[in-house]
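See structure below.
The values are calculated or read from the model by the stated rules, or taken from the named source; none is laboratory data. In this text, all values refer to a predicted model and were calculated from it rather than measured experimentally. So basically every Cβ, Gly included, is an ideal-geometry build from the backbone, and we count neighbours across all protein chains shown.
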Amino acid sequence: MSQNEKRIYLLKTLLAEQQEYSSIEIPVSEQEQKMLLRALFNVRMPKSVSREFLEIQDAYLQEEIRQKGITDLADLKPVQDGLYLWQGDITTLRCDGIVNAANSGMTGCYIPNHRCIDNCIHSFAGVQLRLACGELMEKQRHPEPTGKAKITPAYNLPCRYVLHTVGPRRTHESFSFLLFKNQLFKNSKPVPKTLPDSC
C-alpha cells in the first residue's frame, strides 16, 4: 500500500468513525489531505481502534517522519558532558525521551492543526498516545498539576519515550526567574521579551 493509499484509508476510517465529520469530502491535493488527516487526529477523543487501523497508521506516520529526516542524538556534539543544544523538529529526534509541554488534561491539544508542540507530538506519535494519556488521567481522576510529569511510550516517534509535563503559564519575568533558578544557561544572552505560548 502506497503512502497515498494509506492516507486515504486513514481519512475514510476517521471520517466514518466521527459522525459529525462524515459528510466532509476528502480533498484532491496531497497537502490538503495531510492537513485534514492531522485535524482528524487532533479532534479525536482517546479511544481504541482496530489493529488494521493501527498497522496502517503506524506505517504511514513512520514513513512521514522518515521523509522529514531523523536526527540521531549520537550524531550531535555535546556543548558539555551530557548537555546538547539542538534546534529542529522534536518529532524527528532519535533519543531516549523528549519532553512535551502538555496541558493539565494531558491528552493533547484538540485544536485542529495547531502549531504547539503538544499538537505536533500527538499528531506524529499516533492515536495510541492520546489513548495512553487518557488511561493515565482516568486512573488519576484529576488534572495534572504544574511541575509534575507522566511518561508514555513514544509510539511512532523515533524517540523511546515522551515525558508529558504541565509548565507554568508564564510571563517574561517568571520565565527569566526559572532560567536563573535552574541555572540552565550560564553566561547566556538575555531572555527575549517575547516568548511563544504553549497550549
| Within the range 17-35, can one find any residue that is under 21 Å from GLU135 (Cα atoms) and at pLDDT below 95? | yes
| said: Given the condition assigned to a loop (DSSP other than H, G, I, E, B) and exposed (fewer than 14 other Cβ atoms within 10 Å of the Cβ), answer yes or no: does some residue in the range 117-138 qualify? | reply: no
| Among all residue pairs at least 6 apart or on different chains, which show Cβ distances below 7 Å where the first residue, located in the range 92-110, is more than 20 Å from PRO168 (Cβ to Cβ) and the second is assigned to a strand (DSSP E or B)? | THR92/THR71; LEU93/THR71; ARG94/THR71; ARG94/ASP72; ASP96/TYR161; GLY97/TYR161; GLY97/VAL162; GLY97/LEU163
| Before we move on, is LEU54 surrounded by 14 or more Cβ atoms within 10 Å (Cβ to Cβ), within 21 Å of GLY134 (Cβ to Cβ), out of contact with any Asp or Glu (no Cβ under 8 Å at 6 or more places or on another chain) and hydrophobic (A, V, I, L, M, F, W, C)? | yes
| message | Given the criteria among the acidic types (Asp, Glu) and within 12 Å of the chain's Cα centre (by Cα), does ASP118 qualify? | response | yes
| request: Please specify each residue of the range 13-28 satisfying the condition of being under 11 Å from ARG44 (Cα atoms) and in contact with a Ser or Thr (Cβ under 9 Å, 6 or more places away or on another chain). | output: LEU15
| Is it the case that the range 67-79 has a residue that's crowded, with 19+ Cβ neighbours inside 10 Å, at pLDDT 90 or above, outside any loop (DSSP other than H, G, I, E, B) and out of contact with any Lys or Arg (no Cβ under 9 Å at 6 or more places or on another chain)? | no
| said: Can you find, within the range 90-116, the residue that is farthest from ASN156 (Cα to Cα) among those that are surrounded by 21 or more Cβ atoms within 10 Å (Cβ to Cβ) and small (Gly, Ala, Ser)? | reply: ALA102
| task | Check THR165 against each of (1) assigned to a loop (DSSP other than H, G, I, E, B); (2) in contact (Cβ under 8 Å) with a residue 60 or more places away in the chain; (3) more than 21 Å from PHE53 (Cβ to Cβ) and name the one condition it does not meet. | result | (1)
